[in-house]
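The values are calculated or read from the model by the stated rules, or taken from the named source; none is laboratory data. Every value quoted in this text rests on a predicted model; they were computed, and no experiment measured them. Cβ: placed from backbone, ideal geometry, glycine included. Neighbour counts: every protein chain shown.
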Amino acid sequence: MITKIQKWGNSQGLRIAKTLLSDAQIDVGDDVNVSVKDGALIITPAQRTRRKYYLKDLVAKIPKGYRTKETDWGKPAGKEVW
């Protein structure tokens, strides 16, 4: 597919066909990595690293003897019943 670099305001842009985005598993609004290799632009989906958290491990990090305190959020702003 041949396309053209276009000027948009003070930037330059490239329109990418929906089918190409779909084939690359990229969607509108996704973060991408853009790099250059041997004079070619390479666009790849940004890797999102999501760690798994386990409640047991998170609770184990709470200091011994820790006690929560009540927080005053002020007067009700709507029809809340307290």
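Criterion first (at pLDDT 90 or above, hydroxyl-bearing (Ser, Thr, Tyr) and surrounded by 10 or more Cβ atoms within 10 Å (Cβ to Cβ)) does Thr19 satisfy it? Judged against the criteria, Thr19 is not a match.
Give me the residue from the stretch 1-16 that is polar (S, T, N, Q) and surrounded by 10 or more Cβ atoms within 10 Å (Cβ to Cβ) and, out of that set, nearest to Leu41 (Cα to Cα). It would help to see each step written out before you state the result.
If we filter the stretch 1-16 for residues that are polar (S, T, N, Q), which is where we start, we get 3, 6, 10-12.
Filter once more, keeping what is surrounded by 10 or more Cβ atoms within 10 Å (Cβ to Cβ): 3, 6.
Numbers: Thr3: 14, Gln6: 16 Å.
Ranking the qualifying residues of the stretch 1-16, first place goes to Thr3.
Quick one: in the stretch 29-39, which of the residues that are at pLDDT below 95 and hydrophobic (A, V, I, L, M, F, W, C) is surrounded by the most Cβ atoms within 10 Å (Cβ to Cβ)? Once the filter is applied, the top-ranked residue is Val32. When Gln47 is tested against (1) touching a strand residue (DSSP E or B) at 6+ places or on another chain (Cβ under 9 Å); (2) under 20 Å from Met1 (Cα atoms), only condition (2) is not met.
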